[in-house]
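Okay, here's the structure, questions in a sec.
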Amino acid sequence: MSSRSLKAVGPRRVAAFLLVVAWDALGIVAMSGCLLTAMARPALAYVDPSVMTYTIQALAAVAVALSAVLGVAAREALAPAPTARGDGCRRTGGLPWARRLALSLLACALLVLTVLVAAPLELVSGSSSSLIFGVRQIWRLVVLAGLAIALVGGLALTVFRGRAFDVVVAVVAAMGVGAYAQAMLMNSSLPVADGSLVDWTQYNTIALVSLVVWVALIAVFVTLVARCPRAGRATLAIASAVLILVQVAGVIGIVAEAEAEPDSITVTEKGLFDVSPKSNVVCFVLDMTDTADAEQAFADNPAMLDGLDGFTWYQNSVGSMIPTRYGIPSLLTGVRPKPGEGPADFLASMYTSSYFLDDVAAQGYTTGVYSDTADWIEGWDGYLGQRVENFESTSEVAKEALDWRGTLGVLYGCALYRDLPWVSKPFFWFYTDQINQGMVSSASASSPELTPYAMDDPAYFAKLRERGLATNDEDASFRFIHLIGTHWPYTMDANGNKVAESADWESQMVGAFKIVRAYLDELRRLGLYDSTTVVITADHGTWYLTPDEIDGVSTPIIFVKPAQPAGADSAPCQISQQPVSHYDLQATMLKGMGAPQDVLDHYGEHNQAIEDRSDAPDRLRRYLMTTSNGKLDTSWREYEVSGDSQDFSNWRLDGNDWIITDEDAERIWR
């Protein structure tokens, strides 16, 4: 062979050697991952053998497919040039269709896997306690949809040829790498998706950085395939394959972990629109409806309380715990942590250390609790399942009520919010209730027992108007109904209709009271208004994330109407400055159920119904605020409130703090 031929062959041999080394390295990484998995702490849970079979099959299929595709891509990169002097940076003739398909499938698979498969599963896995459906119910849908989109996208890209094909594939692959880098490195300061308005201008610096990174990635990839087509294609193939392998392993881990856990429970609509023909206690929880805000809304809208005849509005109120994940269990238990008690230990024993639900059952009442967040039942489903009637297996509910179009649509929006550069995030901003609303089919399931309860006040109002209330065959019914109330974002008008997001909290509050009044009108229609005890409260008042102390009052509304004669129920709503607390509500509801005093004595100093209390104006009440680092809760700090709760000078820290350690956080949010 001539020296001229050797010069022509040399670079290709070097390239071949580098590709072989890279492929061997990938093999070592893959095997290391398997070994690391084998040496990891064993999961103390049963894993369905079929799940492991599917996992092994999927991994094998991915490995075979990637080997074949990467082989085609490598052959393309090492293919001899059309001229004896050709090298990796000379433009060659157009690629055959099969080679175009291999490269386009790799690029599309990377982008789709990163954004439309890995991101949704990671988001759902990380927020499972706040969502109706978890990874176990949605992973097959997400994976199958991702495979279909990647295949269609890969086929579509093959219509391009020559330089246009190289550029398009480079852009797609660069977007996949960019999305991966965005999620891994540039999302640390993402605002919490709790529905609150976000000032995006405070993220200008990171927005500029992420945009520069994205532009640079696309420019580098396009320049590489334009100047050195063969080397550029090989680079795209290897980069795509590496990131695909890494993320496939992650997806398999998420799915395996979800399938290994016991099936979760879902709160259904069973009993939501019925009451006992004999005796009822109903508690409405209007999320984040603050007393000071309610006073302002009432001053601006005097008709807001029309129809609340027989009620007393206790404006000198104090809450219990904040936010919702603590406020709802607090209302359902009436317990608070003891000084020195670990936060995780307290949360794990809230229900079992409380008498409330057992006392409700002892009075002959059947309990229905309606809230679409699992925060308040996480870890206590076994206990609550024996005392609450409207729980059902999540997997069974998903078969009937999971909306696949809505689920994919809302999860894709969340994924784009996470994985696209910062400049695009305001367009895909979301909050947890939107995910739950999107996952649930708008068409009613075959029965209320298989219809998940989603917190969507306009939708609830529409069902209430359409169906009304009916009587059931229960001797006595207790209904605890959690509505969005005045929680941000504000997407309901004063008439209970869904509207575009706005800053109009006042109209949303008026609309929430309109919904409650419609329910009360149904009780009147059934002739049950006078015999029903009704409580209208909030899980907490206004709040915000703070690392230290609050700087103003936060007081939930408290309205109470006892079961009473028609004459008392015909009086307009009264206003009282009697000092009251969330911790008074358990005795109030139990008295409405006919519980004797020895049962009410379970609740210590709060052993009287609100309407029977006659405390001094300086009655001492306690409230636990939650501090946060912006991502996780860091402590609870206890305030003592003496006197008018609307005057912040009457609030003081009493020195009781509960630090949420890393160990506590792991137990609480695992």
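Extension gain ARG524-GLU261, at 0.36 nm per residue separation less the Cα-Cα distance, in nm? Working shown, then result.
On the way: separation 263, 0.36 × 263 = 94.68 nm, distance 4.57 nm.
Taking 0.36 nm per residue and subtracting the Cα distance, the gain is 90.1 nm.
Can you give me the three principal axis dimensions of segment 564-638 from its C-alpha atoms, in Å, biggest first?
52, 32, 26
Hey, can you grab everything whose amide H is under 5 Å from the amide H of ILE265? Only 5+ residues off in sequence or another chain; H modelled, so Pro and N-termini drop out.
For ILE265, the qualifying residues are THR394.
Take the Cα gyration tensor of segment 398-544, multiply each eigenvalue by 5, square-root it, and list the three semi-axes largest first, rounded to whole angstrom.
Working: eigenvalues 198, 84, 30 Å².
Over the Cα atoms of segment 398-544, the semi-axes work out to 31, 20, 12 Å.
HN-Hα J couplings of segment 629-636 from phi, Karplus 6.51/-1.76/1.60, θ = phi - 60°, integer Hz, Gly and Pro as x?
Taking θ as phi minus 60°, the curve returns 8, x, 10, 10, 5, 10, 6, 10 Hz for segment 629-636.
Still on this structure, please answer the following. Using the basic label-point model (7 angstrom from Cα toward the beta carbon), what is the LEU185 to LYS631 distance in nanometres?
1.7
Mind listing the long-range amide H neighbours of THR634? Cut-off is under 5 Å, sequence gap 5 or more, other chains count too, H placed in the peptide plane at 1.01 Å from N.
Answer set, sorted by chain and number: THR627, SER628, ASN629.
Considering only protein heavy atoms, what is the solvent-accessible area of SER570 at a probe of 1.4 Å, reported in Å² to the nearest 10?
80
Here is a follow-up. For the full complex of protein chains and a 1.4 angstrom probe, list SER279, SER554 by accessible area with the highest value first. Intermediate values should be presented prior to the final figure.
Working: SER279 30, SER554 5 Å².
Highest to lowest solvent-accessible surface, that is SER279, SER554.
Would you please name the trypsin sites (Lys or Arg not before Pro) within segment 210-300 that are DSSP coil residues with at most 16 other C-beta atoms within 10 Å of their C-beta? Each step should come with its number before you reach the end.
Numbers: sites: ARG227, ARG230, ARG233, LYS270, LYS278; in loops: LYS270, LYS278.
Within segment 210-300, the qualifying trypsin sites (Lys or Arg not before Pro) (loop, at most 16 other Cβ atoms within 10 Å) are LYS278.
Give me a comma-separated list of calculated 3J(HN,Hα) values for segment 120-126, in order, Karplus coefficients 6.51, -1.76, 1.60 applied at θ = phi - 60°, integers in Hz, x for any Gly or Pro.
Residue by residue, segment 120-126 yields x, 5, 5, 5, 5, 4, x Hz.
Give the separation of the Cα centroids, segment 424-484 to segment 222-262, in Å.
With segment 424-484 and segment 222-262 each reduced to a Cα centre, they are spaced 39 Å.
How far apart, in nm, are the 7 Å Cα→Cβ label points at SER649 and THR546?
In this crude label model, SER649 to THR546 measures out at 1.8 nm.
Still on this structure, please answer the following. I need the shape label for segment 281-411. Rule: rounded when a/c is under 1.5, else prolate if a/b > b/c, else oblate, with a, b, c from the alpha carbon gyration tensor.
Values: a/c = 1.63, a/b = 1.20, b/c = 1.36.
Because a/c hits 1.5 or more and a/b fails to exceed b/c, segment 281-411 counts as oblate.
Further question on the same structure: Quick check for me: using +1 on Lys/Arg Cβ and -1 on Asp/Glu Cβ, what's the dipole size of segment 428-481 about its Cα centre, in debye to the nearest 20? Display every interim value, and only then the final one.
Details: 4 positive and 8 negative charges, 42 e Å.
Computed charge dipole of segment 428-481: roughly 200 debye.
Determine the order of HIS602, HIS487 by accessible area, beginning with the largest, at a probe radius of 1.4 Å.
Details: HIS602 80, HIS487 30 Å².
Final ranking, largest accessible area leading: HIS602, HIS487.
Another question, if that's okay. Just grab the label-to-label distance for ALA616 and ARG163, each label 7 Å out from Cα along the Cβ direction, in nm (one decimal).
For ALA616 paired with ARG163, the spin-label model returns 9.0 nm.
Still on this structure: So if I take the centroid of the Cα atoms in segment 311-345 and the same for segment 502-546, what is the distance between those two points in Å?
Cα centroid to Cα centroid, the span is 19 Å.
Stretch ARG465-VAL246 to full length: gain in nm at 0.36 nm per residue minus the Cα-Cα span? Numbers along the way, then the final one.
Values: separation 219, 0.36 × 219 = 78.84 nm, distance 5.12 nm.
Working it through step by step, the gained length comes to 73.7 nm.
Once phi is turned into ³J(HN,Hα) by the Karplus curve 6.51 cos²θ - 1.76 cosθ + 1.60 with θ = phi - 60°, what whole-Hz value does each residue of segment 150-164 show in order, with x for glycine and proline?
5, 5, 4, x, x, 5, 5, 5, 6, 6, 7, 9, x, 4, 4
Give me the percent relative contact order of segment 100-160, please, defined on Cα pairs under 8 angstrom at least 6 residues apart.
On the way: 45 pairs, mean separation 36.1, N = 61.
With pairs under 8 Å counted, the relative contact order is 59 percent.
Same structure again: Using the Kirkwood radius over C-alpha pairs as Rh, can you work out the diffusion coefficient of segment 549-602 via Stokes-Einstein at 10 °C, viscosity 1.306 mPa s, in µm² per second? Before the final figure, lay out the partial values.
Values: Rh = 13.7 Å.
The diffusion coefficient I find is 116 µm²/s.
Report the calculated FRET efficiency for ARG140 and PHE428 (r = Cβ-Cβ distance, R0 = 30 Å), to the nearest 0.05. Working shown, then result.
Details: r = 24 Å, r/R0 = 0.81.
Between ARG140 and PHE428 the formula returns 0.80.
Same structure again: What residue among PHE478, TYR529, ASN495 has its Cα farthest toward the positive end of the dipole of segment 455-584, where the charges are +1 on Lys, Arg and -1 on Asp, Glu, each on the Cβ?
Value computed over the given set: TYR529.
Could you work out the relative contact order of segment 257-394, using alpha carbon pairs under 8 angstrom and six or more residues apart, expressed as a whole percent?
On the way: 97 pairs, mean separation 55.5, N = 138.
Reported relative contact order: 40 percent.
Remind me, relative contact order of segment 453-606 in percent, using alpha carbon pairs under 8 angstrom and six or more residues apart? Intermediate values should be presented prior to the final figure.
Numbers: 141 pairs, mean separation 24.2, N = 154.
With pairs under 8 Å counted, the relative contact order is 16 percent.
Also, quick follow-up: Enter the accessible area of ASP521 (Å², nearest 10), with the probe set to 1.4 Å and all protein chains included.
In the full protein context, ASP521 sits at about 80 Å².
If R₀ is 41 angstrom, what is the calculated FRET efficiency for the pair SER393 and LEU208, using the beta carbon separation as r and rounding to 0.05?
Numbers: r = 48 Å, r/R0 = 1.17.
The calculated FRET efficiency here is 0.30.
Please report the accessible area of ILE244 (heavy atoms, 1.4 Å probe, ligands and nucleic acids excluded) in Å², nearest 10.
10
Would you grab the residues whose amide H sits under 5 Å from the one on ILE558? Only those 5+ places off in sequence or on another chain, please, with H modelled 1.01 Å from N.
It is TYR314, by chain and number.
Turning to a different aspect of this structure: So how do PHE427, PHE298 rank on accessible area, 1.4 Å probe, biggest first, that is with the largest at the start? Write down the numbers at each step before the final one.
Details: PHE427 170, PHE298 60 Å².
Accessible-area ranking of PHE427, PHE298, largest first: PHE427, PHE298.
Assuming 0.36 nm per residue, please report the length gained on full extension of the stretch GLU640 to ARG405 beyond their Cα-Cα distance. The partial results should precede the final answer.
On the way: separation 235, 0.36 × 235 = 84.60 nm, distance 4.93 nm.
Length gained between GLU640 and ARG405: 79.7 nm.
The values are calculated or read from the model by the stated rules, or taken from the named source; none is laboratory data. Predicted model, so just to flag it, every value in this text is computed and none were measured. Cβ coordinates were reconstructed from backbone atoms using ideal geometry, including for glycine residues, and neighbour counts include every protein chain displayed. Surface accessibility is based on the protein's heavy atoms, side chains included, excluding ligands, DNA and RNA. Shrake-Rupley method; radii C 1.70, N 1.55, O 1.52, S 1.80 Å.
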